[in-house]
Amino acid sequence: MHHPRSSYLADSSMDHLEGSIPKTVIKRFASEPILRIGFMEGYEKVDFRVSGEFNVTDLDGDPIFNGVSSRLKWRSLIEGGHGATFIYSVLVTACREESEAIELVDKLRRLYPQVRMQRLGGQLVIAGSLVNDNTKYRILAGAFETEAEAKKLLAKFSDEYAPRIIREKVKEPRGKIEVYDAEYDYSVKIEDGMRIVPLSEETTITLYGVKVGSGFQWESMADRTYRGIIEIRVGNDARLSAISELPLDQYLRGVVPAEMPAGYPPEALKAQAVAARSAVLAKLGTKHLNDPYDFCANVHCQVYSGNVSEAESTNEAVEATRGEVITFEDRICDAVYSAVCGGHTEHKRNVWNPPDEPYLQGLYDAPEKDRPGFTLDLSKEKDLRRWIEEWPDVFCALNHDKLPTILAYSRKYFRWEVSYSRKELEDIIKKRTEEDIGVLYDIIPLQRGVSGRLMEIEILGSRKNIRVKKELNIRRALSPTYLRSAAFVIDIEMGEMGTPLAFHFRGAGWGHGVGMCQIGAAVMALDDYRYPQILGHYYTGTEVRNAYSTGTP
Ligand SMILES: [Zn+2]
Ligand SMILES: [Zn+2]
């Protein structure tokens, strides 16, 4: 069966939908890449103050106010408008190669006729050189006006894949913003959005009442100060949103101290800076496809709070590694990391959806010479139990005689314990999974990855048994917050009637365990490893290159 290539990209029935036909994204920068970070969404008004001279322009850059030097608070208000329009589809899976995607579309169309592929990402060109190509293909099924309709289709694909609902924007939001100058005696109405452009590099912009930790318990309000350009525009929800536009390394100055304590050893901070820079460039153009920015400022992408968290040590780490990224076969690596691996890192494919990455494979977190001579299979209960009871000689075990306090503190994440009464755990499971299993009888580990992290469990109850897949869902289902990791064993204390009284969890590590172990990196730095060696240890087969210099990366 042969179709024209374009027939795989979108259903012909969808041709009328603006935005449904993908285009190759080519990001091109003259030198250091400029990022757009979305950090405010859903506001009725946004107040701001600029520390030096600035211009205000519309979204096309046409001037509205020129050379303003008022240092008082300005205000922007939403003046009505309408939100964006979306269609909903099932995201079945993703792959790197177009040929593989075409094969999959053919295969899945036998299951359901409305399957198409969508190209994401593209080439990244800096100073005329191709430095990365992160093109990948998503396989999508259906296209519906409501999420509920798309949900009905999920089950069709859930045996073989981990499908989820995604939305695609088919119509942009519109609206007016009214901007008041500091004295509130002059205002102007602007269509769709405005840009606040500082006229010198030292000038900062403060935004008032920024919601912090959106979607989490610790939500609060704070004033935040940013370098670079701020864009205030009508968001998809027809309210105000704000975007910070700034050079990548300036962004990293805010991100690195949020991801790793500034008191960690310098070589660990450099490894963190290179990992973060690589992860940003690797993902550029593949996230927030419905938003007018590259990344959000929340945990979803990377926590970014402007310049408030900058520290001298982390700024130095960013500068010392300016432009440096890790690559694998000419592609910039999505260099993910987590706090403490627990002694063994995990394969990417055991934690997240495809495509897999050859440089994100689980490994024993110790120098080659210290790895055990015998076969250790942490996916087996017996080996994992012994491993958790022991304190193996690995980097993140913190078996070091001259440990700074900031690191010694993290020993409690290497091995941990949590206990619940049966009743407590029944309540947690009910709340977290929204399933009433009745009396909790047992929790059965069904599949573990190479680090011992659970990939699937079955919870046995008097009313029903439920299965929970994926490490984050498992950590969520068995805790009012999240269990520190999914690498744990379960011990049940039985009552006289054969009903459990309590459940004890004993585990290793903190976080997903894929890629760099941050505590391990800090200990390597104490042991005089340089940052390229640290990165080489955690990201197998990669090398450090400079992406901003001309010539090949
Ligand atoms: Zn995000
Ligand atoms: Zn580790």
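The values are calculated or read from the model by the stated rules, or taken from the named source; none is laboratory data. These numbers come from a predicted model, not from an experiment. Positions of Cβ are generated from backbone atoms using ideal geometry, with glycine treated the same way; all protein chains shown enter the neighbour counts. To get the accessible areas, we keep the full protein, side chains included, count just its heavy atoms, and leave off ligands, DNA and RNA. Shrake-Rupley method; radii C 1.70, N 1.55, O 1.52, S 1.80 Å.
In table form, for the structure just shown:
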item	result
Extension reserve of the Asp491-Ser187 stretch, reckoned as 0.36 nm per residue once the Cα distance is removed	102.8 nm
Unit charges on C-beta of K, R, D, E only; dipole of the range 337-514, Debye	340 debye
Candidate aspartates and glutamates for bridging to Lys464, where Cα separation is under 12 Å - those fewer than 8 sequence places away on the same chain excluded	Glu435, Asp436, Asp442
Span from the the range 296-346 Cα centroid across to the the range 60-85 one, whole angstrom	33 Å
Residues of the range 337-514: accessible area per residue with a 1.4 Å probe, Å²	48 Å²
Rounded accessible area of Met494 (nearest 10 Å², 1.4 Å probe)	110 Å²
³J(HN,Hα) computed for each position of the range 261-271 - Karplus, 6.51 cos²θ - 1.76 cosθ + 1.60, integer Hz, glycine/proline x	x, 5, x, 5, x, x, 5, 5, 5, 5, 4
Relative contact order, percent, the chain [alpha-carbon distance under 8 Å, six or more residues apart]	16 percent
Under 14 Å from Lys380, Cα to Cα: aspartates and glutamates that are on another chain or at least 8 residues apart	Glu456
Longest exposed-site-free window of the chain, the sites being GluC sites (Glu not before Pro) in a DSSP loop that have at most 13 other C-beta atoms within 10 Å	220-328
Heavy-atom accessible area order for Thr321, Thr146, largest first, 1.4 Å probe	Thr146, Thr321
The chain - convex hull of the alpha-carbon atoms, volume per residue in Å³	177 Å³
Over the range 117-259, volume per residue of the alpha carbon convex hull, in Å³	223 Å³
Sequence of Lys189, Lys27, Lys152 from largest to smallest accessible area, 1.4 Å probe	Lys152, Lys189, Lys27
Solvent-accessible ranking of Leu460, Leu284, largest area first, probe 1.4 Å	Leu460, Leu284
Across Lys171/Lys348; Lys171/Lys431; Lys382/Lys469; Lys136/Lys430, pairs whose alpha-carbon gap is larger than 27 Å	Lys171/Lys348; Lys171/Lys431; Lys136/Lys430
Equivalent-ellipsoid semi-axes of the range 362-492, from the Cα gyration tensor, Å, largest first	31, 17, 11
Options Leu77, Val351, Asn132, ranked by Cα towards positive dipole end of the chain, top entry (Cβ charges)	Val351
Area accessible to solvent at Cys301, 1.4 Å probe radius, in Å²	30 Å²
Set of aspartates and glutamates near Lys412 by C-alpha distance (under 15 Å), chain-local residues within fewer than 8 positions excluded	Glu389, Glu390
With all protein chains modelled, accessible area of His82 [1.4 Å, Å²]	80 Å²
